[in-house]
Amino acid sequence: MSTIFLATWDQPGGIAIREAYRQHQAGLDILTCIERGLAVAELDPDLIAIGLGSVPNSDGDIELDAAMMDGKTLDAGAVCAVRGICPVISVARKVMEDSPCVMIAGEQARRFAIEKGFLPIVTHTADSIQRHQEWADSKEKVTNYVHVTSDPSGQLHGDTITMLALQDGHLVAASSTSGMPFKVPGRVGDSPIVGAGIYADNEAGAAGATGYGEELWKAAASSKTVEAMRHGASAQDACNQTIDFMIRRQPKATDIPCVVFAISPTGDFGAASTKEDFPLWSCVDGVFKLHHYSFRRA
Ligand code: GLY
């Protein structure tokens with residue numbers, strides 16, 4: 001059977017999915033492949049929606065969130081609002097495999113990471129400090145979002161990387177983000193929340209989210225999408241159902257893009273968005289493709 005990896009956004013997803021596949025070729029299990037894919041993206045200071053050098057909160061601090069879930073056992077691990085540790089996806093994995101918890105937050109997550117052998121680091125770069133300074137000096141102080149890239153237009157573009165993988169009926173999911181740019185200190189979005197930002201169950205499917213974290217969380221977007229697959233929907237139909245529900249029930253869901261994507265235990269996959277077309281990477285047995293999903297109209 002095929003091995004399939006999926007990753008959100010042209011970048012940072014492109015870097016993460018290539019690293020995941022490289023690890024797969026080296027013979028590593030799919031959970032480790034997506035962990036390493038996300039870790040490489042976190043450690044790249046040019047990817048400013050995740051990890052090192054990412055966009056800080058309104059105080060100028062970088063607070064990172066990450067989660068992973070194993071669809072075989074429903075085991076999950078997450079960290080949120082972590083400062084001074086990178087890559088946090090690897091800390092989330094430690095929480096899953098080496099603690100009795102599902103989530104550890106803030107300073108205690110940092111302490112947990114250090115106890116497990118992670119080195120504290122400065123996650124700021126000169127660019128991230130400058131980015132915060134420019135924001136603090138701006139009149140509007142816009143906190144929304146969410147596309148974060150340092151593209152030539154100067155527009156912030158990108159967002160959370162969420163990854164899903166499937167091999168021989170085994171589904172896994174993981175996500176990593178610095179969250180909403182210039183967010184309220186301590187704010188946590190959907191990404192590290194099991195059921196909101198990620199969900200995986202070998203019996204039903206796996207789903208992930210990216211975009212406007214508060215709205216995706218209110219919808220329990222990933223869980224809702226997996227439950228639709230459990231009740232017989234294809235991955236694409238399940239994503240459509242979640243996004244149509246959000247558009248119908250949540251007045252703010254079209255203010256900022258909300259995206260879900262999903263894969264079934266047999267390998268069909270899809271994605272849907274409340275606003276703006278959405279790029280999703282797939283890698284099916286080493287063949288990489290960037291898909292573009294049109295947004296659902298209200
Ligand atoms: N989806 C990322 C966030 O809202 O934090």
Problem set entry | Binned Cα-Cα distances of the stretch 1-101, short to long, each 5 Å bin given as a whole percent | 3, 13, 21, 23, 20, 12, 5, 1, 0, 0
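With N residues in the stretch 1-50, what two-decimal value do you get for its Cα radius of gyration over 2.2 N^0.38 Å?
1.09
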Exercise. What share of all Cα pairs of the stretch 227-298, in percent, falls into each consecutive 10 Å distance bin?
Worked result: 21, 48, 27, 4, 0
Exercise. Taking a temperature of 20 °C and a viscosity of 1.002 mPa s, what whole-number D in µm²/s does Stokes-Einstein yield for the stretch 163-258 with Rh from Kirkwood over alpha carbon pairs?
Worked result: 159
Exercise. Looking at the stretch 205-283, which GluC sites (Glu not before Pro) are DSSP coil and have at most 10 other C-beta atoms within 10 Å of their C-beta?
Worked result: none
Exercise. What do you get for Rg/Rh of the stretch 189-243 when both radii come from the Cα atoms and Rh is the Kirkwood radius?
Worked result: 0.95
Seminar exercise, completed: Result for the stretch 254-298: accessible area per residue, probe 1.4 angstrom, in square angstrom, of 43
Seminar exercise, completed: the chain, Kirkwood Rh and Cα Rg, ratio Rg/Rh at 0.94
For this session: Quick one: accessible surface of residue 121, probe radius 1.4 Å, all protein chains present, in square angstrom to the nearest 10.
Result: 60
Problem set entry | Directionally averaged projected area (convex hull, Cα atoms, the stretch 48-129), nm² | 5.3
Exercise. In percent, what relative contact order does the chain have, based on Cα pairs under 8 Å that are 6 or more apart in sequence?
Worked result: 20
For this session: Could you work out how far the C-alpha centroid of the stretch 60-86 sits from that of the stretch 1-21, in angstrom?
Result: 19
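The values are calculated or read from the model by the stated rules, or taken from the named source; none is laboratory data. This structure is a prediction, so every number in the text was calculated from the model and none was measured. Virtual Cβ from ideal backbone geometry, glycine too; neighbours counted across all protein chains shown. In case anyone asks, the SASA skips ligands and DNA or RNA and just uses the protein heavy atoms, side chains included. Shrake-Rupley method; radii C 1.70, N 1.55, O 1.52, S 1.80 Å.
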